[in-house]
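So the structure is just underneath, and the comments pick up after that.
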Amino acid sequence: MTKQPNDNAKKSHSSHWGAFSGQWVDGKLVISPHPIDPDPNPIIQNFPEALRHKARIAKPMVRRGWLENGPGPDDRRGRDAFVEMEWDEVLDLLAGELKRVKDTYSAKAIYGGSYGWSSAGRFHHAQSQIHRFLNVALGGYVRSVNSYSAGASTVLIPHILGNYEDMTRRNIGWDEIVEHTDIILAFGGMNTKNSRVAGGGISKHTEHRDMIALSKRGGELVLISPLKSDLPDEVNQDWIAARPGTDVALMLGIAHTAVMDGTHDRAFLDSHTHGWDTFEDYLMGRSDGQPKDAVWAADITGLKADDILKLARRLPGKRALFVVAHSLQRAKHGEQPVWMASVLSAMFGQSGLPGGGFGYALGAIANYGRRQNAVPIAGLPQGKNGVSEFIPVARVSDMLLNPGASFTYEGETLTYPDTRLVYWAGGNPYHHHQDLNRLSEAWTRPETIIVQDPMFTATAQRADIVLPATTSIERNDLAGNRRSDFIVAMKQAIKPVGDSLPDFEIFDRIAGKLGVADRFNEGRDELGWVRYLYEESRKDAAERLGFDMPDFETFWQDGYARCPVRDDHTFLADFRIDPEAHALKTESGKIVLGSETLARLGYADCPSHPAWVEPAEWLGNGSDASDLHMISHQPAGRLHSQIETGVASVANKRNGREQARLHPDDAAARGISDGQTIRIWNARGACLATADVTDSVRSGVLVLPTGAWFTPRAETGLEVAGNPNVLTLDIGTSQFGQGCSAHTCLVRAEPHIADQRDAFEEYQDRLVALATA
């Protein structure tokens, strides 16, 4: 049985979803929220169950077909059995394979896959660890840029507003909103399950109470989403359930009304924006013959024209905040709602005002809306990548299926590299990538796939070499980020399960086989690195700010240390006061409403100004009465697919499957009853889920959370756990941004009465089928 390393004392720890402590009591790991957190996230309770689950990888493994036949493309990945090996033996194989690929094809043939969410720790951060290793040991790797969460906006925002980090992480704070904001238009909502999570950890959850404080002061929150739960029930709320994918049309109807009423701030538009005349020609129909008025918008959105007019006329004279959730830009043409919301902010003269303006993705993650840590939390140095080739992160399947093919990104034409080896540490693309059946085909193409993970995920099951990594609670680290006023000590609470090792030690051992261990570890062990990173932050605080943080021993004993926090000011505040002295880093130095850069590029799927561009799939032209618009959002009981077997995750399932929410009218029309197993399908694939029939979802919409462990049946390909990404589109948001389009697509649904078996049982049977030989 796994036991604690030394004693029964509480061990402080942290995760992306909150700080906590772990303590062994009567042979069980008991998780307690950290005392500094006023509103702890219940998913911290997922840890104990996951540590001993059958899905833990206990020993290094190599796929039998790869062992017998050597490297090469192989369609047996995911069906072939594995052979357990000892560490030295498997690392010899691995080091030899890395050297073979590097010497034969160069480092350009190696894709370093990782997605950053495996641990909140600054040292045991799998993405940093693998990148450091590949840079030091092999001279580099093909990397990915941007994120699945915000791929389109990360590319667009610098062109229209300047620095992305300033716009998202140093923008309007919740303290300003509580004090100043009169009305929030929340396009896509601000669901507090999302703001309970932050990259690098979150020590204090405050968003829920801040919304309540705003509401009590009289602030209005208008929810524009097909899901009623996208704002808390306790706050003042108007629910506007427009058709999914039509938010831009609604925004245009609001903008047109303001121009017709003369309530837009023409002076601000003239002094602080560029391209208004071009956009106004489009808005008023002078350029295409179609005014974007409330009647036009009503036909697209499924709303009443009078309701759009009333909403537009609530805004003048108020401190208004326009928020666009990450989800809206995770769709074809996802750049447009982000751009159009920034237009509304400028039109009503709100940009740069405390509590007003454009709050991109506020409420989508806990890093946003908080005061900035004045001392950067030190992270593991990654070294220099000698390979210049990269891909937008959501283009993995395209890269593997089309080596040498060209693609566009931010106005450039680039080429997909010829990938021979994939090394994935800390991530599960069979959770977050789109069209998983297409990914499965792409996954057969490389010569070797290496996966390093604590769990036997769908990605690990489809690897050639599998290395067991520890979870964060099995090692020592420290957590913190630029929006947290605490650094939290992450103390090891249990011994590593089986033969698992920390990512650092795995890479250090491989580096030793390749003769570069000294360069990789720099003479430091685990605690040596943790101490070094803490002292770097402590030194910076003292030298730059005169802020005295405790020494490492005190920090480690106390379990946390306070960091200095900046006195933030509203993004665009200085620009508002003097747009010439504080020009933005855009093509004009102003807020861009019409882009000359995009006009030159001439992309039909990303025009030179914000525009309604019909979605790839929606409940409009070409849809059938049998179609439902599926929305795949973040789950409430876990982060992405992490710790899927934990108690909080399981509590949100029925029959071991994800629950698919749909309206009673849609359920009745399809003969579906609450709690029934249903089959959801389209041309790309099919999955099972459990029906949750509720009127909190707009009719015509089906909501299926992401993150169920991908479990397709070998004989049919039917995915039985409820993973929506067997259904989603694997296309870029546009030729410009190339973000992921996984949030939204059309599906159909029907009862699946004959199939009520628990999905977890099927997953465990799959593990047995792949059991080591």
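Overview of values
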{"item": "Long-range amide H partners of Y560 with built H, under 5 Å", "result": "A489"}
{"item": "Rounded accessible area per residue of the range 1-150, 1.4 Å, Å²", "result": "39"}
{"item": "Antiparallel DSSP beta bridges within the range 19-143, as percent of all bridges there, nearest 5", "result": "90"}
{"item": "Carbon/sulfur fraction of accessible area - the range 389-506, other protein chains in place, 1.4 Å, %", "result": "45"}
{"item": "Karplus (6.51, -1.76, 1.60) ³J(HN,Hα), θ = phi - 60°, over the range 212-226, in Hz, Gly and Pro reported as x", "result": "5, 4, 4, 4, 5, 6, x, x, 9, 10, 10, 8, 10, 6, x"}
{"item": "Whole-number D in µm²/s for the range 57-165 (Stokes-Einstein; Kirkwood sum over Cα pairs; 10 °C, 1.306 mPa s)", "result": "94"}
{"item": "17 Å cut-off, amide nitrogen to a point 7 angstrom out along V650 Cα→Cβ, residues in the range 16-33", "result": "28-31"}
{"item": "Simple spin-label estimate for K216 and R266 in nanometres, 7 Å along Cα-Cβ", "result": "4.4"}
{"item": "The chain: angle of helix 126-138 to the longest principal axis, Cα-based, in degrees nearest 10", "result": "60"}
{"item": "In the range 162-200, the trypsin sites (Lys or Arg not before Pro) that fall in loop regions by DSSP, at most 16 other Cβ within 10 Å", "result": "none"}
{"item": "Selection from S537, A669, G27, by position along the positive dipole direction of the chain (Cβ)", "result": "G27"}
{"item": "Pairwise centroid distance, computed over Cα atoms, of the range 617-673 with the range 204-253, Å", "result": "21"}
{"item": "Partners for K204 among lysines (Cα-Cα distance below 22 Å; same-chain residues under 8 apart left out)", "result": "K10, K11, K193, K216, K491"}
{"item": "Rounded to 5, percent antiparallel among DSSP beta bridges of the chain", "result": "55"}
{"item": "Cβ-Cβ FRET estimate between D578 and D281, R0 fixed at 30 Å, reported to 0.05", "result": "0.55"}
{"item": "Cβ-placed point charges (K, R +1; D, E -1), dipole of the chain about Cα centre in debye, nearest 20", "result": "900"}
{"item": "Cα→Cβ-extended label distance, 7 Å offset, between D525 and S388, nm", "result": "4.3"}
{"item": "Solvent-accessible area of W618 with every protein chain in place, 1.4 Å probe, in Å² to the nearest 10", "result": "20"}
{"item": "Of all DSSP beta bridges in the range 423-552, antiparallel share, percent nearest 5", "result": "25"}
{"item": "Size of charge dipole - the range 430-492 - debye, nearest 20, with Cβ of Lys, Arg +1 and Asp, Glu -1, no other charges", "result": "200"}
{"item": "Ranked order, K539, K585 - accessible area, probe 1.4 Å, largest first", "result": "K585, K539"}
{"item": "Probe 1.4 Å, protein heavy atoms only - accessible area per residue of the range 173-331 in square angstrom", "result": "35"}
{"item": "Mean Cβ count within 10 Å, highest first, over the residues of peptides 699-712, 311-324, 669-682", "result": "699-712, 311-324, 669-682"}
{"item": "K495 versus L601: modelled label distance in nm, points set 7 Å from Cα along the beta carbon direction", "result": "5.5"}
{"item": "Sites excluded, GluC sites (Glu not before Pro) in DSSP loops with at most 15 other C-beta within 10 Å, longest stretch of the chain", "result": "235-521"}
{"item": "Too-long pairs where the Cα-Cα distance tops 32 Å, listed order kept, from K384/K495; K28/K59; K292/K585", "result": "K384/K495"}
{"item": "Theoretical gain in end-to-end length, D624 to K310 [0.36 nm per residue, Cα-Cα removed]", "result": "109.9 nm"}
{"item": "Extension gain from K539 to E234, taking 0.36 nm per residue of separation minus the Cα-Cα distance", "result": "105.4 nm"}
{"item": "Debye log10 I(q)/I(0) for the range 621-682, one point scatterer per Cα, at q = 0.18, 0.19, 0.26 Å⁻¹", "result": "-0.78, -0.84, -1.19"}
{"item": "Between 0 and 90°, nearest 10: helix 335-347 axis offset from the chain longest Cα axis", "result": "40"}
{"item": "Whole-percent carbon and sulfur share, accessible surface of the range 511-620, 1.4 Å", "result": "45"}
{"item": "Calculated FRET efficiency for the pair A668/I753, C-beta based, R₀ 22 Å, to 0.05", "result": "0.85"}
{"item": "Solvent-accessible area per residue for the range 426-585 (1.4 angstrom probe, square angstrom)", "result": "37"}
{"item": "Cα centroid separation, the range 302-379 to the range 440-516 (Å)", "result": "37"}
{"item": "Tilt relative to the chain, helix 247-261 - C-alpha long axis, 0 to 90 degrees, to 10", "result": "30"}
{"item": "Cα pair distances in the chain, grouped into 10 Å bins until the bin that holds the longest one, percent each", "result": "3, 14, 24, 27, 21, 10, 2, 0"}
{"item": "Sulfur and carbon atoms: percent of accessible area, the range 76-221 [1.4 Å]", "result": "46"}
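The values are calculated or read from the model by the stated rules, or taken from the named source; none is laboratory data. Everything quoted here is computed from the prediction, not taken from an experiment. Positions of Cβ are generated from backbone atoms using ideal geometry, with glycine treated the same way; all protein chains shown enter the neighbour counts. Please note that ligands, DNA and RNA were not included when accessible areas were found on the heavy atoms of the full protein model with its side chains. Shrake-Rupley method; radii C 1.70, N 1.55, O 1.52, S 1.80 Å.
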